[in-house]
Ligand SMILES: *[C@@H]1O[C@H](CO)[C@@H](O)[C@H](O)[C@H]1NC(C)=O
């Protein structure tokens, strides 16, 4: 019974691919899947051809390892473009080759671009060693970055051993990040998983983030960010901030994290601002349905960030934090204090809501501390809330 349908379906897809989608295989443009031959120019040629295609196009990267140096894929392109990656893209072994560019794979001003599948191996360990030794190191490279892009889909991508952040979304609109795996060792410096800033309408779902720095860091100018089904840890957790380093800075609003598991991370959900004057703000944030496993600071707001007491001693944060809800957060804290609200004396946190929080420390109730906050609490509260109601 089903057979005629299958035949017509495959014919349908055959015609769809054959006639409505131009395919550009990087091998055709001279790329070598041997992991040693520099294939940067071949990828760029395939990009230019696909980007100039009047009909929707697919760049295909077959199985194999492709050595790629720092590269910019620039738009706008004439139509929808998919980069379908079956292989692994590797960076040069010498970290200095990428280290001065700031970016490894950079998409600029692209609309309606999808990156499907693929593995990126930035080979960051030489760079981390340099950073740790405090030698003269290059600035380092983010692995994959989208600047000024709209309607982007990143699905099924794996990135390992980035020099700095794995994935950066900067000044973008409508971005979907789905089923990505971003992996770097616990002690690798500044290897954020995903960094979002100045962007509206970003969705991150079904992703595993095991990094040396923040799993997801949320910078100034982020609005309407939805994160769900996230596994985080090791790493520094999900962090809004650091904000308020500059006086004039865009705020962060309408941020949701739902259904997440944090394992062995330094923080769970964190909001962090510099202890400096600023016009910035954080508002309308929801953290819900979260499991903490042995997390050092499961819930934390820290408005006293001032590393090495430089640039802000005895100042207080101007960042206004309001309407932040924590709902159904359970599990274990790795330290006695599971809930820390250290808000700004000059701009106290407002509208903090706690509902059904159950965090233990070594089989006992953990503790909480509050400075300069207002809000409400309800449901089961362990530790007992220190909110002034
Ligand atoms: C908040 O963000 C979500 C996406 O996460 C969006 O659907 C919703 O419209 C936004 N709400 C407002 C008031 O902008």
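Things worth noting here:
- Flag if residue 241 is in a strand (DSSP E or B), more than 16 Å from the ligand (Cβ to nearest atom), in contact with a strand residue (DSSP E or B) (Cβ under 8 Å, 6 or more places away or on another chain) and on the phi > 0 side of the Ramachandran plot: yes
- Checking 316, 280 one by one, the residue that is on the phi < 0 side of the Ramachandran plot, in contact (Cβ under 8 Å) with a residue 40 or more places away in the chain and within 24 Å of the chain's Cα centre (by Cα) is 280 and no other.
- Residue 118 vs. criteria crowded, with 17+ Cβ neighbours inside 10 Å and in contact with a strand residue (DSSP E or B) (Cβ under 6 Å, 6 or more places away or on another chain): yes
- Residue in the stretch 148-160 that is modelled with pLDDT of 95 or more, within 16 Å of the ligand (Cβ to nearest atom) and outside any strand (DSSP E or B) present: no
Results for (1) crowded, with 18+ Cβ neighbours inside 10 Å; (2) at positive phi; (3) outside any loop (DSSP other than H, G, I, E, B), shown as yes or no for each residue.
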| position | (1), (2), (3) |
| --- | --- |
| 214 | yes, no, no |
| 220 | yes, no, no |
| 231 | no, no, yes |
| 234 | yes, no, no |
| 258 | no, no, yes |
| 272 | yes, no, yes |
| 287 | yes, no, yes |
| 292 | yes, no, yes |
| 299 | yes, no, yes |
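- Residues of the stretch 307-327 classified as farther than 20 Å from residue 373 by Cα and either modelled with pLDDT of 95 or more or in contact with a helix residue (DSSP H, G or I) (Cβ under 9 Å, 6 or more places away or on another chain) (or both), total: 0
- Taken as a whole, the structure leaves residue 126 outside the set of residues that are touching a strand residue (DSSP E or B) at 6+ places or on another chain (Cβ under 7 Å) and either closer than 30 Å to residue 150 by Cβ or not in a loop (DSSP other than H, G, I, E, B) (or both).
- Selected residue (criterion: nearest to residue 122 (Cα to Cα)) from residues of the stretch 67-93 that are part of a strand (DSSP E or B) and touching a helix residue (DSSP H, G or I) at 6+ places or on another chain (Cβ under 7 Å): 71
Yes/no matrix, rows are residues, columns are (1) over 20 Å from residue 266 (Cα atoms); (2) surrounded by fewer than 20 Cβ atoms within 10 Å (Cβ to Cβ):
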site	(1), (2)
322	yes, yes
337	no, yes
343	no, no
356	yes, yes
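- Complete set of residues in the stretch 204-221 that are within 12 Å of the ligand (Cβ to nearest atom) and under 10 Å from the mean Cα position of the chain (by Cα): 204
- Hey, residue 388 modelled with pLDDT of 95 or more and surrounded by fewer than 18 Cβ atoms within 10 Å (Cβ to Cβ) or not: no
The values are calculated or read from the model by the stated rules, or taken from the named source; none is laboratory data. Everything numeric here is computed off the predicted structure, so don't read it as measured data. Ideal geometry is used to build each Cβ from the backbone, glycine not excepted, and the neighbour counts take in all protein chains shown.
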